[in-house]
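The structure appears below as structure tokens.
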Amino acid sequence: MSITKSLPEGTTYRVNGQGPVCILLHGFAEDGRVWDEQMKALSSHYTCIVVDIPGTGLSADAFVHHQQLSLDESAHLVLQVMDQENIDKAVLLGHSMGGYITLSFVEQFADRLQGFGMIHSTAFADNEEKRQNRRRSVTFMKAHGTKLLMEQLYPNLYGEKFKTEHYGLIEDQIKASELFQPEVLIQYYEMMMVRPDRTDVLRNAKVPVLFVMGTEDKTVNLTDSLAQCHLPLESHVHILETVGHMGMKEDPENTTAAIRAFMWYVNEN
């Protein structure tokens, strides 16, 4: 059973299990619940910590203290969680935007990690087309709120097979998105648009790096993912067939197996 804790400024996280530590970061327009199946499975052998980034989930009220939130500041909040829990070293895994935070953490606090992972994420900066798309989304959200945008965004995160067989789950996600305040998602877009290329962080990594990618990912396409996974000295690569951007939901069994194998490796070598 997980225990819910908070930092003094309100960033909230859940802790479950015992043993070597795995910290999981969610992506854009998600909260820590996206990792529920992995947290449940991993906590039988590991301490699993799931952080809600300010403005989301249990940390919704913390956004008042972080209205100019950056990736670097988000990474520092993860460090504060580790310090509050007296954790010397951990494995840090980030999904999508959570991967951007993970790379920022590695850049600043590499000595606190045994390994890290990019789960449907990228070290490349946004190209101009991507920035234009984000700007259009910001403009649309300012005019129409979050729900209409999420109705367009969420279905494109999933592979065709999952979308056909489980569309009700996607509809539930769209409905839950009404809880997101537009200013929160706009700030997330802003901090993603200005992030630098961090391929050097992968290239200079002194610890093993996990890559999980989907063959049908339209957000971080397979070509871009494969172009990065050779950069670290030691990479562990898992490709999920017929999966889009949401392996934790689309293929939880194989996503969990990839994380479990990585955790075993970094703690036994």
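Details
A quick yes/no check of all residues on (1) in contact with a Pro (Cβ under 6 Å, 6 or more places away or on another chain); (2) over 20 Å from Ile23 (Cα atoms); (3) of a type in the set (Asp, Glu); (4) surrounded by fewer than 22 Cβ atoms within 10 Å (Cβ to Cβ):
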{"residue": "Tyr189", "(1), (2), (3), (4)": "no, yes, no, yes"}
{"residue": "Asp200", "(1), (2), (3), (4)": "no, yes, yes, yes"}
{"residue": "Lys206", "(1), (2), (3), (4)": "no, no, no, yes"}
{"residue": "Asp217", "(1), (2), (3), (4)": "no, yes, yes, no"}
{"residue": "Leu233", "(1), (2), (3), (4)": "no, yes, no, yes"}
{"residue": "Glu241", "(1), (2), (3), (4)": "no, yes, yes, yes"}
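- Scanning the range 153-163 for any residue that is within 20 Å of Val184 (Cα to Cα), without any contact (Cβ under 8 Å) to a residue 12 or more places away in the chain and either of a type in the set (Gly, Ala, Ser) or surrounded by 14 or more Cβ atoms within 10 Å (Cβ to Cβ) (or both) turns up nothing.
- Residue check: Met1 meets all listed conditions (1) free of Cβ contacts under 8 Å to residues at least 24 places away in the same chain; (2) aliphatic (A, V, I, L, M); (3) part of a strand (DSSP E or B) but one, namely (3).
- Selection of first residues in the range 232-247 that are within 15 Å of Ala261 (Cα to Cα) and charged (D, E, K, R) and of second residues that are assigned to a loop (DSSP other than H, G, I, E, B) and modelled with pLDDT of 95 or more, restricted to Cβ pairs under 7 Å at least 6 apart or on distinct chains, gives the following pairs, ordered by first then second residue: Glu234/Pro208.
- When the range 205-248 is filtered for residues that are closer than 19 Å to Asn267 by Cβ and among the charged types (D, E, K, R), the ones remaining, listed by number, are Lys206, Glu234.
- Residue within the range 204-212 that is in contact (Cβ under 8 Å) with a residue 40 or more places away in the chain, charged (D, E, K, R) and at negative phi present: yes
- Residues satisfying the stated conditions in the range 105-151, i.e. small (Gly, Ala, Ser), under 24 Å from Gly214 (Cβ atoms) and assigned to a helix (DSSP H, G or I): Ser137
- Cβ-Cβ under 9 Å pairs, at least 6 apart or on other chains, the range 5-24 side within 13 Å of Leu58 (Cβ to Cβ) and of a type in the set (Phe, Trp, Tyr), far side in a loop (DSSP other than H, G, I, E, B) and at pLDDT 95 or above: Tyr13/Leu7; Tyr13/Asp52; Tyr13/Glu85
- Under the condition of being part of a loop (DSSP other than H, G, I, E, B) and either surrounded by fewer than 23 Cβ atoms within 10 Å (Cβ to Cβ) or basic (Lys, Arg) (or both), the residues counted in the range 70-99 number 6.
- Candidate set: the range 1-46, residues that are of a type in the set (Phe, Trp, Tyr) and closer than 20 Å to Ala257 by Cβ; chosen: the one surrounded by the most Cβ atoms within 10 Å (Cβ to Cβ): Trp35
- Test: residue in the range 48-57 that is closer than 28 Å to Asp172 by Cβ, touching a residue at least 24 places away in the same chain (Cβ under 8 Å) and loosely packed, with under 15 Cβ neighbours inside 10 Å: no
- The number of residues in the range 226-269 being assigned to a loop (DSSP other than H, G, I, E, B) and within 18 Å of the chain's Cα centre (by Cα) comes to 7.
The values are calculated or read from the model by the stated rules, or taken from the named source; none is laboratory data. Quantities reported herein were computed from a predicted structural model and do not represent experimental measurements. Using ideal geometry, Cβ is built from the backbone for each residue, glycine included, and neighbour counts are taken over all protein chains shown.
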